[in-house]
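Undergrad: Before we start, here is the structure in question, set down as C-alpha cells.
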There are 2 protein chains.
Amino acid sequence: MPVLTSRQNEIIEAAIRIISRKGIQEFTIRSLSRELGISEPAIYRHFESKTDILAALLEFLHADTIATFDTVSGDGPALAQLEQYFSLLFLRLQERPAVAAVVFSDEVFLNEERLAATVRALVELTIDNTTRLLTHAKQNAEIPADVDEYDLATLLSGGVRLLVRRWHMDSGSWNLCERGSRVIQTFIRLIDIRT
Amino acid sequence: MPVLTSRQNEIIEAAIRIISRKGIQEFTIRSLSRELGISEPAIYRHFESKTDILAALLEFLHADTIATFDTVSGDGPALAQLEQYFSLLFLRLQERPAVAAVVFSDEVFLNEERLAATVRALVELTIDNTTRLLTHAKQNAEIPADVDEYDLATLLSGGVRLLVRRWHMDSGSWNLCERGSRVIQTFIRLIDIRT
DNA sequence: ATGAAGTTAGTGAACGTTAACTACTATTGT
DNA sequence: ACAATAGTAGTTAACGTTCACTAACTTCAT
C-alpha cells in the first residue's frame, strides 16, 4: 500500500471528476492535464503511466470504502449497524458526487487486465461487509435463521448500487440520503423478526 | 423504431461480443471490422457512424428486455409471474453471456450524449416492469400493503444486476439460473404474506 | 447496367509517451 | 554567509500509433 504525495491525490481527484462527468472514454492524459491546468508530460512526473493512475484511483476507492465501514460503531444490534453503515455511505457519496459516479462503475475499469483483480476486490468488499453484519444479525436472532445472508447481501448491496447509479444519472437532483435510508429501512423491516 | 438489415444485426452482435470481452475502450471500428472479417470502411456501408452502432445496440437490448417480459404468462399470482420473469431473464442471459455482460453496463454508454436518454430508459425498464408486478401483488394481498413496491423493485432489480455482473466477472463459471433463482426465492419469501 | 457490399489507400486529429530543457527550491561544503 | 549541487515540477516539441472516417475503385448478383 504505497503512500501517495499530495499531488498524486490531486491527480486522482481530477481523474474521478473527469470520469464522473464524461465517462472513461473521455479520460485521457490530455483531458486530465487540462483539468489540472498543467501540460500532459507534467503528469508523468507523478505517475509512470495512465494505467498506474487508474490503479491508484481504485486503491483510493477501496481505502475509502474500508474507512466508511470502519466508522460504524461496532456494538448494538447488527441491523442497526447495517443501517448506520449505509446511512454513512449515502452521506459520504452525497458530499462527493464524483466519487458516487465512479465507485460502483466496475465495468468501466474491467478492460485493463492489470486492474481486474482490484475491481473485483472492490465489488466484493461491500458485499462481504454486508454479509458479515447479516451473519451477526442471524446469530443474535434479529433475522430468520433459514434465510441465506449472502442472498440478502446481494439484494441489499445491489439495490444500493442501483440507487446510487440512478442518483448520478439524475445529476444528483434528489436527496440520496433520504431516499437511500427509506430503501434500507424497507429492507430491514422485511427481515427483522424482533418485537 | 427502424427495421435493421441482417448485416446490421450481425454488426450489433459483433459489437456486443467485443464489448463483453474487452470493454468499451477496445470497441473500435478496427476491432469491429476484424471481428466481422471485413475492412473498416465496409462497416460504413451499414452504419453512418460508430455512435449509430451503439445507439442500435442499445435499442436491441431494449427490445430484448421487452420481449423477455412479454413472454411471462400474464395470469396467476403476481409473485409467480415475477419469479417467472427473472427465471426467463437468467435463462436468456446464460444462453448469451455476451449480452449479459453488456445489458446492465449502463455507465459504459453514458459518455455519448446522444445515448444517455436510451440508457436511462433501459435502466428504468426492468425497474418499472418489476414495480408493476409488485403493485399487482399488493392489490392481490400477496405482499404487505404498507411496503413501498418501488423500494422493493430497486432492491430486486439492483440485486439481479449485481448478480449478473458478478457472473460475468467470474467468466460464467457458475450457474446463473440456479443461483439467480435462489436469490429471487429468498426475496419472494421475505415479502410473501400468503401461506 | 445498376446498386449493394466489398476493397485499398489515405485523411486529420487525438492518443500515450519520451526527449530535452528550464525555473525554483532545498541541501551542503567551505 | 554564500556559491555549488541536486532534486522537484513544470515547459515545448516531437515520437510512433491508433482513432473515426472518406474517396475512389472493384466485384458481383440481379
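Readers should treat all values here as calculations from the given coordinates under stated rules, not as data from a laboratory. Just so we're clear, the structure is a prediction, and the values are computed from it rather than from any experiment. Here the Cβ is made from the backbone with ideal geometry for all residues, glycine too, and neighbour counts use every protein chain on show.
Undergrad: Would you tell me the mean number of C-beta atoms belonging to other protein chains that fall within 10 Å of each C-beta in B:106-115, as a whole number?
TA: Details: counts 7, 14, 8, 2, 11, 9, 4, 1, 0, 0.
The per-residue average across the peptide is 6.
Undergrad: Provide an ascending nm list, one decimal, of label-point separations from B:ARG7 to the equivalent residue in each further copy; define each label point as 7 Å from Cα along Cα→Cβ.
TA: 5.3
Undergrad: Can I ask one more? Multiply the residue separation of B:ASP52 and B:LEU125 by 0.36 nm, subtract the distance between their alpha-carbon atoms, and state the gained length in nm to one decimal. Before the final figure, lay out the partial values.
TA: Details: separation 73, 0.36 × 73 = 26.28 nm, distance 2.15 nm.
Gain on extension, B:ASP52 to B:LEU125, equals 24.1 nm.
Undergrad: Let me ask something additional. B:ASN9 to B:ILE193: FRET efficiency via 1/(1 + (r/R0)^6), r the Cβ-Cβ distance, R0 56 Å, to the nearest 0.05? Each step should come with its number before you reach the end.
TA: Numbers: r = 45 Å, r/R0 = 0.80.
E(calc), rounded to 0.05, equals 0.80.
Undergrad: Something else about it: Projected area of segment B:34-126, taken from the Cα convex hull and averaged over every viewing direction, in nm²?
TA: Value for segment B:34-126: 7.2 nm².
Undergrad: Viscosity 0.692 mPa s, temperature 37 °C: give me the Stokes-Einstein translational D for the protein assembly as shown in µm²/s, with Rh taken as the Kirkwood radius over C-alpha pairs. Each step should come with its number before you reach the end.
TA: Values: Rh = 22.1 Å.
The Stokes-Einstein estimate is 148 µm²/s.
Undergrad: Per 10 Å bin, what is the whole-percent P(r) computed from every C-alpha pair distance within segment B:54-191?
TA: Distribution as computed: 11, 42, 34, 11, 1 percent.
Undergrad: Continuing with this model, one more query. List the GluC sites (Glu not before Pro) within segment B:32-88 that fall in a DSSP loop (any state other than H, G, I, E or B) and whose Cβ has at most 14 other Cβ atoms within 10 Å. Don't skip to the end; give the middle numbers.
TA: Numbers: sites: B:GLU35, B:GLU48, B:GLU59, B:GLU83; in loops: B:GLU48.
Of the GluC sites (Glu not before Pro), the ones in loops of segment B:32-88 whose Cβ has at most 14 other Cβ atoms within 10 Å are B:GLU48.
Undergrad: A further question follows. If you bin the C-alpha pair distances of segment A:88-155 every 5 Å from 0, what whole percents do you get?
TA: 3, 15, 18, 17, 18, 14, 9, 5, 1
Undergrad: Say a label goes 7 Å from Cα toward Cβ at B:GLU178 in every copy; what distances in nm does this one have to the rest, shortest first?
TA: Values, ascending and in nm: 4.6.
Undergrad: Something else: Would you calculate the separation in nanometres between label points at A:GLU40 and A:ALA145, each defined as 7 Å from the Cα along the Cα-to-beta-carbon direction?
TA: Roughly 6.5 nm, to one decimal.
Undergrad: What chymotrypsin sites (Phe, Trp or Tyr not before Pro) in segment B:1-110 are in a loop by DSSP, with at most 15 other Cβ atoms within 10 Å of the Cβ?
TA: Working: sites: B:PHE27, B:TYR44, B:PHE47, B:PHE60, B:PHE69, B:TYR85, B:PHE86, B:PHE90, B:PHE104, B:PHE109; in loops: B:PHE27, B:TYR44, B:PHE47, B:PHE104, B:PHE109.
Sparse-neighbourhood loop chymotrypsin sites (Phe, Trp or Tyr not before Pro): B:TYR44.
Undergrad: Compute, for segment A:55-191, the length of the dipole vector about the Cα centre, with Cβ point charges of +1 (Lys, Arg) and -1 (Asp, Glu) only. Units Debye, rounded to 20.
TA: Numbers: 12 positive and 19 negative charges, 82 e Å.
Dipole size: approximately 400 debye.
Undergrad: Here's another thing I want to ask about it. Restricting attention to segment B:100-195, which trypsin sites (Lys or Arg not before Pro) occupy a DSSP loop and are surrounded by at most 16 other Cβ atoms within 10 Å? Intermediate results must be reported in sequence, preceding the final value.
TA: Numbers: sites: B:ARG114, B:ARG120, B:ARG132, B:LYS138, B:ARG161, B:ARG165, B:ARG166, B:ARG179, B:ARG182, B:ARG189, B:ARG194; in loops: B:ARG194.
Those satisfying the criteria are B:ARG194.
Undergrad: Lysines within cross-link reach of A:LYS22: Cα-Cα under 24 Å, excluding same-chain residues under 8 positions apart?
TA: Cross-link targets: A:LYS50, B:LYS22, B:LYS50.
Undergrad: Sticking with this structure for a sec: Defining the label point at 7 Å along Cα→Cβ, can you sort the distances from A:ALA116 to the same site in each other copy, shortest first, in nm?
TA: Nearest to farthest, the other copies are at 3.3 nm.
Undergrad: Can you give the calculated 222 nm mean residue ellipticity of chain B, where each DSSP H run of n ≥ 4 adds -39,500 (n - 2.57) and the sum is split over every residue, rounded to the nearest 500 deg cm²/dmol? Don't jump to the answer; show the numbers that get you there.
TA: On the way: 9 runs with 140 residues, N = 195.
That comes out to -23500 deg cm²/dmol.
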